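The values are calculated or read from the model by the stated rules, or taken from the named source; none is laboratory data. This is a predicted model, so every value here is computed, not measured. Cβ sites come from the backbone with ideal geometry, for glycine too, and all protein chains shown count toward neighbours.
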Amino acid sequence: MTGRHPLDNASELRYRRTKVGKAEFRKHTTPLSRSARNLLLMIDESHTGAQWVQLVQGSGEVDLALLISMGFIAVSGSETAAEPSKPVTLDEALQRWSYDELSKFLTAQTRERFGLLRGYHLILQIEGCSNVDEMRAVALKFVDSVRRSHGREPAVRLCRQFGAS
């Protein structure tokens, strides 16, 4: 991938939960991995993002990036969560993700949403990707699979997890 990832310095900053993040933690409306939900529960301004990732067992940079992209956490001192001024398409949102981030996220989501047996074909597609563009194409197919299997609302929530609005 060329250039820097938009969240490259994210782990060096301090974060706080936003109103949206607090509401998400109370209502559980978005399917988050256990590690992302635990990070959402724990994160505050007392440590940097990298320190929280180390402190919260099982969490990683992808969880931190997900919470930021969904507006659940914001840089400490900012008034509101970073909201895009114009709608962000799924294609645009996927451009922000690296190969490794997409691979980890899609693998976890496949197992969570489809289980090992039903998700086997999708896991093979993920593992067969050799570059970030192929991984993005699989991500688009994955969203469509979620829509067909689980309905429109879960697919919309998944798009938001990718950072689309």
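Within the stretch 99-106, identify whether any single residue is within 26 Å of K27 (Cβ to Cβ) and modelled with pLDDT under 85, and answer yes or no. No: the stretch 99-106 contains no residue that is within 26 Å of K27 (Cβ to Cβ) and modelled with pLDDT under 85.
Scanning the stretch 146-163 for residues that are crowded, with 20+ Cβ neighbours inside 10 Å and at pLDDT 90 or above yields one hit, V146.
For the stretch 145-165, how many residues are more than 18 Å from the chain's Cα centre (by Cα) and on the phi < 0 side of the Ramachandran plot?
Result for the stretch 145-165: 4.
Only helices (runs of 4 or more DSSP H) whose full extent lies in the stretch 50-165 are considered here, and the ones with at least 3 residues that are among the β-branched types (V, I, T) are 132-150.
Scan the stretch 27-43 for residues that are without any contact (Cβ under 8 Å) to a residue 60 or more places away in the chain, part of a loop (DSSP other than H, G, I, E, B) and surrounded by fewer than 21 Cβ atoms within 10 Å (Cβ to Cβ) and the total you get is 1.
At positive phi, of a type outside the set (K, R) and either more than 13 Å from the chain's Cα centre (by Cα) or buried (at least 18 other Cβ atoms within 10 Å of the Cβ) (or both), is that true of G119? So G119 fails the test. Mind counting the residues in the stretch 56-98 that are of a type in the set (S, T, Y), surrounded by 15 or more Cβ atoms within 10 Å (Cβ to Cβ) and at pLDDT below 85? Of the residues in that region, 1 qualify.
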